[in-house]
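Each remark here refers to the structure printed beneath this line.
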Amino acid sequence: MKRRIRLLIIAAIVIFNAGVYVKYANRVEPPRVSQVTIDRGNVIDVASATGTLQATRTVDIGSQVTGVVRKLHADFNSIVHRGDVLAEIDPSLSEADLESAKAAEQRAEVDLEQDQAVLENDRVNLNRAEDLFKHDLSSEVDKDTAEVQTTTDQLKLQQDSAAVTIAQASVHQAQLNVDHCTIISPIDGIVISREVDEGQTVTSSVTAPTLYVLATDLAHLQLMGEIDESVIGKIHTGQDVAFTVDAYPGAVFHGPVAVMRLTSNNVNNVVTYDTVVSAENPDLRLRPGMTASLRIEAARATGVLRVPNLALRFKPTDRMFAAFHESPDAGQIGKQVWKLQNDQLVRIPLQLGLTDGSVTEVRSGDLHAGDSVVVGIFVPPGTAR
């Protein structure tokens with residue numbers, strides 16, 4: 001008896017499991033649809049770029065003479081004024097050249113005086129020769145010889161005058177070299193770079209060696225940004241630019257577009273244009289050389305219907321249509337989104353406006369705030385037949 005009951009229970013379990021298998025084995029799992037909601041808000045078209053902060057003006061201070069740096073009167077971050085002494089170059093070589101030039105000038109002046117005296121003497125001889133010739137007391141050859149000698153003396157005197165002028169110029173140049181041994185600041189500014197140390201020898205040849213780099217008031221900087229050619233047409237002077245620097249995470253700085261340069265840059269076939277942004281820096285937190293990320297508001301649409309760009313990128317496949325028992329839509333052209341209505345995929349053509357890369361302005365189309373549009377469909381294996 002017990003064995004019969006046990007067999008009946010086992011049979012009941014087998015029958016139950018078989019029924020469950022028959023019921024669920026052929027069950028088709030429906031496709032899973034991901035949707036987003038259409039809303040209203042602002043769409044801001046932003047041009048992004050990178051740039052470098054610079055002083056509005058920098059001046060390289062060099063040495064026009066060769067010599068040893070004897071004394072430095074300024075260092076990094078020193079505030080200097082126009083006319084301040086920045087450095088001194090050992091003037092020994094320049095002073096020696098000046099003394100030599102003065103000696104050469106004196107020698108040239110002595111030669112000039114001597115030849116002037118010779119000319120005066122030869123002019124007297126010429127007058128005497130002419131008087132004697134008039135009275136037939138000397139030959140014409142003697143008179144001609146005296147004339148030639150006087151002419152020669154005049155030419156020699158001109159040469160001496162030129163030599164004196166050259167010697168004077170050499171003295172002036174040597175004096176300038178002595179004066180240039182004292183390096184003077186040409187502007188009011190701040191030292192942002194010092195390139196030499198005391199005791200170092202600087203050599204002036206074709207170009208002047210740089211001793212310092214001075215920047216004008218760092219409370220007013222400029223930001224050099226490289227704007228892509230695709231958006232340069234949307235940028236104009238006066239536009240507000242927001243920028244950030246890595247040194248101050250979370251801080252956003254602002255400044256207007258000051259200059260848009262016409263010359264382009266072409267790097268790896270990417271064309272950009274230099275755009276200068278004025279950056280006020282009253283607390284001196286920003287420093288020349290910092291890399292900045294720029295965001296320029298090129299255009300703004302306020303309170304418009306917005307569609308997420310994910311929905312614009314969604315394109316149903318044949319398998320997705322089959323999962324909803326539909327034929328593929330051959331009209332998938334232009335800008336469009338897809339809505340799920342009555343378990344059917346419905347294409348909604350759109351005319352679009354501005355985009356910020358995340359959402360896009362809807363200018364026309366059968367969409368309303370609160371509508372849901374499809375951004376993805378997962379079709380389980382075996383769903384589409």
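All of the numbers you see were taken from the coordinates with simple rules; none came from a lab. Small disclaimer: the values here were computed from a predicted structure and weren't measured. Note that we place each Cβ from the backbone using ideal geometry, even for glycine, and neighbour counts take in every protein chain shown.
Could you please report the charge total around Ile38, scoring K, R as +1 and D, E as -1 over all other residues with beta-carbon less than 15 angstrom from its beta-carbon?
With Lys, Arg at +1 and Asp, Glu at -1, the neighbours total +1.
With no solvent and one point per C-alpha, what does the Debye sum give as log10 I(q)/I(0) for region 52-107 at q = 0.29, 0.31 Å⁻¹?
For region 52-107, the Cα-only Debye profile gives -1.22, -1.27.
Sum -39500 (n - 2.57) across every DSSP H segment of at least 4 residues in the chain, then divide by the residue count to get the 222 nm mean residue ellipticity, nearest 500.
One gets -11000 deg cm²/dmol as the mean residue ellipticity at 222 nm.
Using a basic spin-label model with each label point 7 Å from the Cα along Cα→Cβ, how many nm lie between Asn77 and Thr52?
About 2.3 nm, to one decimal.
Find how much the distance from Asn42 to Asp60 grows on full extension, using 0.36 nm per residue of separation minus their present alpha carbon separation; answer in nm with one decimal.
That pair, Asn42 and Asp60, stretches by 1.7 nm at full extension.
Compute a Gaussian network model of the chain, connecting alpha carbons closer than 10 Å, and tell me which residue from Ile227, Ile187, Ile296 fluctuates the most.
Of Ile227, Ile187, Ile296, the Gaussian network model singles out Ile187 as fluctuating most.
List the residues, sorted by chain then number, that are 5 or more residues from Met290 or on another chain and whose placed amide H is less than 5 Å from its amide H.
Leu53
Say we join alpha carbon atoms closer than 10 Å with springs in a Gaussian network model of the chain; which of Glu105, Glu140, Glu226 then has the biggest fluctuation?
For the chain, modelled as a Gaussian network with Cα springs under 10 Å, the answer is Glu140.
With θ set to phi - 60° and the Karplus curve 6.51 cos²θ - 1.76 cosθ + 1.60, what are the ³J(HN,Hα) couplings of region 264-273 in order, to the nearest whole Hz, using x for Gly and Pro?
Computed from phi, the couplings for region 264-273 are 9, 10, 10, 10, 6, 6, 9, 9, 10, 10 Hz.
When Rg is the radius of gyration of the Cα atoms in the chain and Rh is its Kirkwood radius, what does Rg/Rh come to?
Reported Rg/Rh (Cα atoms, Kirkwood Rh): 1.47.
Cut-off is 10 Å between beta-carbons; in what order do Val337, Val46 appear when sorted fewest neighbours first? Please list the in-between numbers first.
On the way: Val337 26, Val46 17.
By the 10 Å Cβ count, ascending, the order reads Val46, Val337.
What net charge is computed for the residues neighbouring Gln106, neighbours being all others with C-beta under 14 Å from the C-beta of Gln106, Lys and Arg scored +1, Asp and Glu -1?
Result for the local shell: -4.
If I fit a long axis through the Cα atoms of helix 2-25 and take the longest principal axis of the Cα atoms of the chain, what angle between them do I get, 0 to 90°, rounded to 10?
Approximately 50 degrees, to the nearest ten.
Round to the nearest 0.05 the FRET efficiency obtained for Thr210 and Thr151 when R0 = 41 Å and r is the Cβ-Cβ distance. Mind showing how you got there, number by number?
Working: r = 55 Å, r/R0 = 1.33.
Approximately 0.15, to the nearest 0.05.
Could you compute the net charge surrounding Ala242? Neighbours are other residues with a C-beta less than 15 Å from the C-beta of Ala242; K and R count +1, D and E count -1.
Within the 15 Å Cβ shell, the charges total -3.
Arranged by the count of other C-beta atoms within 10 angstrom, fewest first, what order do Val164, Val271, Val307 take?
The most exposed by this proxy come first: Val271, Val164, Val307.
I need the per residue convex hull volume for region 91-180, using only the alpha carbons, in cubic angstrom as a whole number. Each step should come with its number before you reach the end.
Details: hull volume 5.3 nm³, N = 90.
Taking only Cα atoms, region 91-180 has a hull volume of 59 Å³ per residue.
Can you list the HN-Hα couplings for region 109-118, worked out from phi with the Karplus curve (6.51, -1.76, 1.60; θ = phi - 60°), rounded to whole Hz and with x for Gly and Pro?
3J(HN,Hα) across region 109-118, in whole Hz: 5, 5, 4, 5, 5, 5, 5, 5, 5, 4.
Enter the angle in degrees (range 0 to 90, nearest 10) between the Cα long axis of helix 140-180 and the first principal axis of the Cα atoms of the chain, meaning the one along which they spread out most.
Here the helix axis deviates by roughly 40 degrees.
Exposure proxy check: Leu176, Leu352 ranked by fewest other beta carbons within 10 Å?
So the ranking, lowest neighbour count to highest, is Leu176, Leu352.
Of Gln154, Gln168, Gln200, which is the most mobile in a GNM of the chain whose springs link Cα atoms less than 10 angstrom apart?
Evaluated over the chain, the most mobile residue of the options is Gln154.
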